[in-house]
There are 2 protein chains.
Amino acid sequence: MTSAHPRTALQLRSLVKDSGELEISLTRVPTPAPAPNEVLVRVEAAPINPSDLGLLFAGADMSHAARHGTKDHSVVTARVPDAALRGMAARFGQSMPVGNEGAGTVVEAGSSEAAQALLGKTVAALGGAMYSQYRCVPHEQCLALPAGATPAEGASAFVNPLTALGMVETLRSEGHTALVHTAAASNLGQMLNRICAQEGIALVNIVRSDAQVALLRSLGAKHVCNSSSPSFMQDLIETLASTGATLAFDAIGGGKLAGQILTGMEAALSRKATQYSRYGSPIHKQVYIYGGLGPGPIEIGRSLGMAWGVGGWLVTPFLQKIGPAAMQRLKQRVAAELKTTFASTYAAEISLFEALDLDNIAIYGKTATGRKYLINPNKDVGNQGSG
Amino acid sequence: MTSAHPRTALQLRSLVKDSGELEISLTRVPTPAPAPNEVLVRVEAAPINPSDLGLLFAGADMSHAARHGTKDHSVVTARVPDAALRGMAARFGQSMPVGNEGAGTVVEAGSSEAAQALLGKTVAALGGAMYSQYRCVPHEQCLALPAGATPAEGASAFVNPLTALGMVETLRSEGHTALVHTAAASNLGQMLNRICAQEGIALVNIVRSDAQVALLRSLGAKHVCNSSSPSFMQDLIETLASTGATLAFDAIGGGKLAGQILTGMEAALSRKATQYSRYGSPIHKQVYIYGGLGPGPIEIGRSLGMAWGVGGWLVTPFLQKIGPAAMQRLKQRVAAELKTTFASTYAAEISLFEALDLDNIAIYGKTATGRKYLINPNKDVGNQGSG
């Protein structure tokens, strides 16, 4: 088989030194040859998800980051605070590739039938190191995109869609009937609105600005609460009482919101109580924290009875728990509804070089709604491949 | 059947008005006649557990309580803060009896064989309203005490023993191997040390003074950490690493301790990690909050990966979950080991009148280790019965 791709290609890396210095750089790595069950993907679109920023920035203060070197050979440095540094010893000195998911063209395939079947196709892939020009992945980590779909349209086919579907599966398996979601105007939040509308599940959207309220309402969302409003707690309790939601997925974590949701659920439940219990409502109220958009500690108030839980939630262990057949079912649904239910939008498409630009970092590092960036690792690299 | 007991007798009551005023008083209630499956217990010992104080004081500020009336007909009043008042609407205006558990003599029994079998016996009972001279309860809520055991020895046969046994059962059913306990010098904590020693389970005791460290060490505890020590976090992490504890039961709730335990568990686990994961250790870390000794919000730091949970835990739903056969097995164990494993100690025995004394309230309201009070509802009431 002849290779139409260069022998070495660019990859974005993140390195934390034990001194607490973070270094983000581009490095040139050998283009791998696929094993029999693998395919080589020329990555043309990879989103910068909040879940990528933890590995990329390592909790460093990027507002004081510095950029060294030339445009084509630059290194961004920043300091990781001591608190974030604890628990990071296992990555000290290791230059780590970044990028949970992406999409592109299969330019080479291993000898297996399943791998060969993907040759020339546009695929989405999950597996890390996607901020690379070329990435070798097992064929089962790929999703062949429907005819006509572009890499940009398939770039976010895994993390957000499977997370949103995982939330709904969790709701069902844990016996809840309605759902709360925070940072709800995000791409993920918009998907979740479409899924819940399809499946008749009441969804309480929590956002933090009137603009986000308007955005979600324009997309047909029925229940939207603005956490910046002075009447937030009353609005939330009303909405929780009318929907009966006892499960929340919270992207924020730090601060008071997770606790406010539990307190609101308890207040909504205790309204319906026919007799007083010193232990509060016996109905279990659960908040799963699946992101860390909010810094600082999580603060949970105490007017929530005894039947409650808060905990971390990640899509990967969830997918392991449901097994490969169920995961395959979810993936097929994503492919079929890629341009509708699971459509994503991006503020900009940038190259690997532009990903190291401090002005860009200041924007995509904020993970603000409507400011999601897409990296195209093969943008502006015409003269970079060494064939 | 002739009754050797008065037709009416005293009962302690707690009332919250919608104005936020708390009223604690003694009232005279008709002595009930047992149904076929019930027994009438002359209550001679009932502990004031932290779990009773929520109903009794309703979160009121007892340091500003006032006492009105005469010694024999007094009422204690205090103000419930607005924050605590929320969610309490279902008890407004209801005069509620108090006292989860107690022990005494069966002075009358219903017609059923099981009830008759208890006549004249000293029993412990669970069921609320135990701060009463006489209390009618279904026979299955009683535990016949072994020969020679006094009501005082059996007064705490339910809440603390079943809570401690429930913790160990939870550890097993959720797949943990070692346990953390806070406020660990309490009667409950001492029981838990004896149970864990018997069963070979490593127990990490967290206390907040050197005196409590010394007390637990004198009772044979191996692992004791003092949260007031400047080296607390290091000590805790060392102990968590050596024991492998990933489950904690926390009596305190408010403040930072629950979060510190999770952070310490994650730090202990990440020491053993062979490769870095941006999501932290995949091993689940759990803190169950079963009490509310600490006021204020629960604060959970963020260096704990994603595999963690915090939630409320109560012994009653736990017992319902394990079912009557398992509960019976636990009760029989408590009876057999009442004077050893499950022995409790009390600072004082007080009458119902003395329970309304502000100086006593100032002591038992603090739920301090070594200051647990026992109410004897039939103390000093010789001239109170109206036959």
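The values are calculated or read from the model by the stated rules, or taken from the named source; none is laboratory data. Keep in mind the model is a prediction, meaning the values are calculated, not measured. A quick note on method: Cβ atoms are made from the backbone with ideal geometry, for glycine too, and the neighbour counts reach across all protein chains shown. Surface accessibility is based on the protein's heavy atoms, side chains included, excluding ligands, DNA and RNA. Shrake-Rupley method; radii C 1.70, N 1.55, O 1.52, S 1.80 Å.
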Original post:
Right, B:Ser270: open to solvent by 30 Å² or more (accessible area, probe 1.4 Å), within 24 Å of B:Arg371 (Cα to Cα) and out of contact with any Asp or Glu (no Cβ under 7 Å at 6 or more places or on another chain) or not?
Top reply: no
Original post:
Which of the residues spanning the range B:278-303 are over 27 Å from the mean Cα position of the chain (by Cα) and within 8 Å of chain A (Cβ to nearest Cβ)?
Top reply: B:Arg278, B:Tyr279, B:Gly280, B:Pro282, B:Gly301, B:Arg302, B:Ser303
Subject >> Evaluation of B:Phe92 against (1) within 12 Å of another protein chain (Cβ to nearest Cβ); (2) surrounded by fewer than 20 Cβ atoms within 10 Å (Cβ to Cβ); (3) within 25 Å of B:Ala46 (Cα to Cα) (one fails), failing number >> reply: (3)
**OP:** Check A:Thr246, A:Thr239 and return the single one that is touching a Lys or Arg at 6+ places or on another chain (Cβ under 9 Å) and more than 11 Å from chain B (Cβ to nearest Cβ).
**Re:** A:Thr246
Original post:
Of everything in the range A:260-299 that's touching a residue at least 40 places away in the same chain (Cβ under 8 Å) and charged (D, E, K, R), which residue is farthest from B:Ala89 (Cα to Cα)?
Top reply: A:Glu299
**OP:** Determine whether the range A:357-371 contains at least one residue that is over 17 Å from the mean Cα position of the chain (by Cα), in a loop (DSSP other than H, G, I, E, B) and either at pLDDT 95 or above or surrounded by fewer than 21 Cβ atoms within 10 Å (Cβ to Cβ) (or both).
**Re:** yes
Original post:
Within the range B:177-203, how many residues are at pLDDT 95 or above, of a type in the set (S, T, N, Q) and out of contact with any Leu (no Cβ under 9 Å at 6 or more places or on another chain)?
Top reply: 1
**OP:** Please go through the range B:177-208 and pick out each residue that is in contact with a Ser or Thr (Cβ under 6 Å, 6 or more places away or on another chain) and assigned to a loop (DSSP other than H, G, I, E, B).
**Re:** B:Ala185, B:Ser186, B:Arg208
Subject >> Selection within the range A:280-296 - in a loop (DSSP other than H, G, I, E, B) and open to solvent by 70 Å² or more (accessible area, probe 1.4 Å) >> reply: A:Pro282, A:Ile283, A:His284
**OP:** Look at the range B:305-321 and say how many of its residues are more than 8 Å from chain A (Cβ to nearest Cβ) and either among the aromatic types (Phe, Trp, Tyr) or open to solvent by less than 50 Å² (accessible area, probe 1.4 Å) (or both).
**Re:** 3
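In the range A:51-86, which residues are among the hydroxyl-bearing types (Ser, Thr, Tyr) and touching a residue at least 40 places away in the same chain (Cβ under 8 Å)?
Our first condition is that a residue be among the hydroxyl-bearing types (Ser, Thr, Tyr); within the range A:51-86, this holds for A:51, A:63, A:70, A:74, A:77.
Hits for the range A:51-86 are A:Ser51, A:Ser63, A:Ser74, A:Thr77.
Let's see how each residue does on (1) modelled with pLDDT of 95 or more; (2) over 17 Å from B:Leu203 (Cα atoms); (3) part of a helix (DSSP H, G or I); (4) open to solvent by 20 Å² or more (accessible area, probe 1.4 Å):
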| residue | (1), (2), (3), (4) |
| --- | --- |
| B:Ala83 | no, yes, yes, yes |
| B:Gly102 | yes, yes, no, no |
| B:Val107 | yes, yes, no, yes |
| B:Ala114 | yes, yes, yes, yes |
| B:Met130 | yes, yes, no, no |
| B:Val137 | yes, yes, no, no |
| B:Pro146 | no, yes, no, yes |
| B:Ser156 | yes, yes, no, no |
| B:Gly175 | yes, no, no, yes |
**OP:** Collect the residues in the range B:14-45 that are within 30 Å of B:Val80 (Cβ to Cβ), open to solvent by less than 40 Å² (accessible area, probe 1.4 Å) and part of a loop (DSSP other than H, G, I, E, B), keeping them in residue-number order.
**Re:** B:Gly20
**OP:** State which residue is modelled with the highest pLDDT when the search covers only the range B:59-70 and only residues that are touching a helix residue (DSSP H, G or I) at 6+ places or on another chain (Cβ under 7 Å) and assigned to a loop (DSSP other than H, G, I, E, B).
**Re:** B:Ala65
**OP:** Report yes if A:Leu56 is crowded, with 17+ Cβ neighbours inside 10 Å and either within 14 Å of chain B (Cβ to nearest Cβ) or assigned to a loop (DSSP other than H, G, I, E, B) (or both), otherwise no.
**Re:** yes
